Amino acid sequence: MPRGRHSELECFVLGLVWQLGGCSAYDVRRTMGDSPSSQWSASTGAIYPLMRRLQRQGLVTMKQEKTGQRARRVYTITTTGRRVLRQWVGPPLAPEAISVAHDPLRSRARFLGVLSPEERDAWVRAATSALAEIMARVRAWEQKYGPRDEFQRLVSRNGELETQARQAWLNEMAERLKHC
């Protein structure tokens with residue numbers, strides 16, 4: 001990646017470090033892992049190397065804190081990291097920030113014609129059920145973490161509205177597929 005250009009994941013994690021205040025890579029992993037979004041991997045193999053990379057780039061600092069028998073690495077965002085975060089948040093917004101969101105469900109729906117009518121019906125029922133679970137996770141996230149500020153409330157609301165829109169799309173699909 002060219003110098004000065006940071007990935008969406010790097011900037012998102014920078015934002016979490018800023019938002020959480022002093023936090024460990026584990027705190028970042030847990031926050032991402034609890035999220036109802038599956039956009040990024042919160043695996044150890046993704047987050048720990050990323051935190052070290054952000055530190056090498058001077059975007060976060062790390063200090064060791066002794067907690068019990070283990071040392072905890074606590075990361076905080078630097079002035080440079082905050083500048084990178086502000087540039088990423090915008091304005092101006094990068095074109096990829098405002099495009100139609102990637103949706104694996106929509107990608108699969110494109111090819112529903114390969115399934116029999118019964119399989120398509122089962123697909124819609126399964127997707128509807130899965131979206132109900134996602135909505136429950138969105139609401140559980142809100143309950144567990146509670147909005148720290150109005151911005152988090154708005155982000156949680158986006159998750160609800162997006163899930164509701166996907167559900168409405170599936171309902172429309174179910175009606176239309178009755179005539180196929």
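Laboratory data are not the source of any read-out in this text; all were calculated from the coordinates shown. Computed from a predicted model, the values in this text were never measured in an experiment. Here the Cβ is made from the backbone with ideal geometry for all residues, glycine too, and neighbour counts use every protein chain on show.
Miscellaneous remarks
- Classified by the C-alpha gyration tensor, segment 8-97 has an oblate form. Its axis ratio a/c, with a ≥ b ≥ c, is 1.5 or above, and a/b does not exceed b/c.
- Each peptide in 13-23, 150-160, 109-119 gets a packing score, the mean of other Cβ atoms within 10 Å over its residues, and the list from highest to lowest is 13-23, 150-160, 109-119.
- Note on GLN39 and LEU112: the model spin-label points, each 7 Å out from Cα along the C-beta direction, lie 2.6 nm apart.
- P(r), alpha carbons of the chain - 10 Å bins starting at zero, rounded %: 8, 29, 30, 19, 10, 3, 0
- Potential extension, ALA126-LEU161 segment - 0.36 nm per residue separation minus Cα distance: 10.6 nm
- Comparing VAL138, THR79, GLY90 along the charge dipole axis of segment 72-180, the residue lying farthest to the positive side is THR79, per the Cβ-charge model.
- Charge dipole (debye, nearest 20) of the chain; +1 at Cβ of Lys and Arg, -1 at Cβ of Asp and Glu: 980 debye
- Value at 222 nm in deg cm²/dmol, rounded to 500, when DSSP H runs of n ≥ 4 in the chain each add -39,500 (n - 2.57): -20000 deg cm²/dmol
- Where labels lie 7 Å past Cα in the beta-carbon direction, separation of GLN87 and ARG5 in nm: 1.2 nm
- Peptide packing: for 170-178, 120-128, 63-71, the average count of neighbouring Cβ atoms within 10 Å per residue gives the ranking 120-128, 170-178, 63-71, highest mean first.
- Cβ-defined net charge surrounding MET51, 12 Å radius [Lys, Arg +1; Asp, Glu -1]: +3
- 14 Å Cα-Cα reach of LYS178 towards aspartates and glutamates, excluding residues that sit fewer than 8 places from it in its own chain: GLU118, GLU119, ASP121
- Annotation for segment 116-158 versus segment 9-68: alpha-carbon center distance of 24 Å.
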